[in-house]
Every structure is written in structure tokens, then in C-alpha cells.
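The values are calculated or read from the model by the stated rules, or taken from the named source; none is laboratory data. Quick caveat: nothing in here was measured; it's all calculated off a predicted structure. Note that we place each Cβ from the backbone using ideal geometry, even for glycine, and neighbour counts take in every protein chain shown.
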């Protein structure tokens, strides 16, 4: 969620008429977590994690969310929605695993890319004993520790994206305005 909010700040900094910061951060944070709704779907259908990392973890899903953002609020919101949702896939590409839980090419391919980094620890999530046991498994010490590390690493990314946004704003201020030809 922190990575999504940070990416949204970088995107809104590049906008001529930026969307409100708190709205961009809130939307991006919610959308950053939303691809994992596929876990809830699997648990509700009694299939555990069977759907995790499928259609919600694809480029098609990112494009769909961005198009929905465009339909509801125009291009500015499409950009925020797209990077917010897409940030989840970015983080999954940086998790501590070999093959990821992403199906970037779904529905065209079922291939799963390999992690390009091992920055974010995986949170142990056990689905074999039913939904209650799966939920409670998140509160074991190893789960809480992994979640804490993920949060700290996410905070570093958030700070880096805030610095990037600041740089973007400075560069935008140095460019001549396309209408008047003068400095902004």
C-alpha cells in the first residue's frame, strides 16, 4: 500500500492539474492491496489459494483498472489507478521467491515470471485447514515478522517515490509553459 501511494505521488507530480494528494494516495493504497482479493474469493469458494496470482495479478487487470479510472474520472485518475493497482505486481516481482504468484500474461498465457529481486519477504499463509486457520496463521510470530519487514521496506520505497515526485515537480517548474512560453 505504501509503494502504491508513493507511485501515485510520482504520477500526480507529473500532471499539469494534479489530483488531490490525499485522494490519490488513498485510492492507490486501496488498489495496491486489491489484487489479493483473489485469496478471499478462493477461501469463500472453499478452494483456498487456488485463485491467488491468477486474473487479478495480470497486465489485463491493470489495464482494466486504469480504464475504469479513466471512465470514472478521466486521464488523471486513470494514471493514479493504473500505478496504484500495478504497484502490487511490481512488489510481487520483488518478493522473496523463485517463480512468483503473478500471471502477467493472463488470459493469453499461464506462465509465471521469476522474481527479479528478493526484497520483500513472503508472508506465510496456510490455507489447508480452512479460512479461520488461514487467517490466524498470519498472526504467528513468523507472519508478523514478515509483515513488519514488508512494511519497513515499503516505507523505504514510499520515501524514494516521494523524492522522485519532488524531483519531477522541480523539473516541471523549470520547463517553460507551453501556453505562455515563460517559466511556471
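Before moving on, here are some points about what is shown:
- Odd one out for residue 58, checked against (1) surrounded by 21 or more Cβ atoms within 10 Å (Cβ to Cβ); (2) out of contact with any helix residue (DSSP H, G or I) (no Cβ under 6 Å at 6 or more places or on another chain); (3) over 21 Å from residue 110 (Cα atoms): (3)
- Any hit, region 104-111, residues being surrounded by fewer than 19 Cβ atoms within 10 Å (Cβ to Cβ) and modelled with pLDDT of 95 or more: no
- Only one entry in 172, 166, 140 is modelled with pLDDT of 90 or more, farther than 24 Å from residue 61 by Cα and surrounded by 11 or more Cβ atoms within 10 Å (Cβ to Cβ), namely 166.
Conditions tested, residue by residue: (1) more than 30 Å from residue 166 (Cα to Cα); (2) touching a helix residue (DSSP H, G or I) at 6+ places or on another chain (Cβ under 7 Å); (3) touching a residue at least 40 places away in the same chain (Cβ under 8 Å).
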| position | (1), (2), (3) |
| --- | --- |
| 9 | no, yes, yes |
| 19 | no, yes, yes |
| 27 | no, yes, yes |
| 37 | yes, yes, no |
| 42 | yes, no, yes |
| 50 | yes, yes, no |
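- Flag if residue 83 is modelled with pLDDT of 90 or more and in contact with a strand residue (DSSP E or B) (Cβ under 8 Å, 6 or more places away or on another chain): no
- Unmet criterion (only one of (1) modelled with pLDDT of 95 or more; (2) crowded, with 16+ Cβ neighbours inside 10 Å) for residue 22: (2)
- Taking the listed residues 68, 31, the one that is in contact (Cβ under 8 Å) with a residue 24 or more places away in the chain, surrounded by 15 or more Cβ atoms within 10 Å (Cβ to Cβ), touching a helix residue (DSSP H, G or I) at 6+ places or on another chain (Cβ under 8 Å) and assigned to a helix (DSSP H, G or I) is 31, with no other qualifying.
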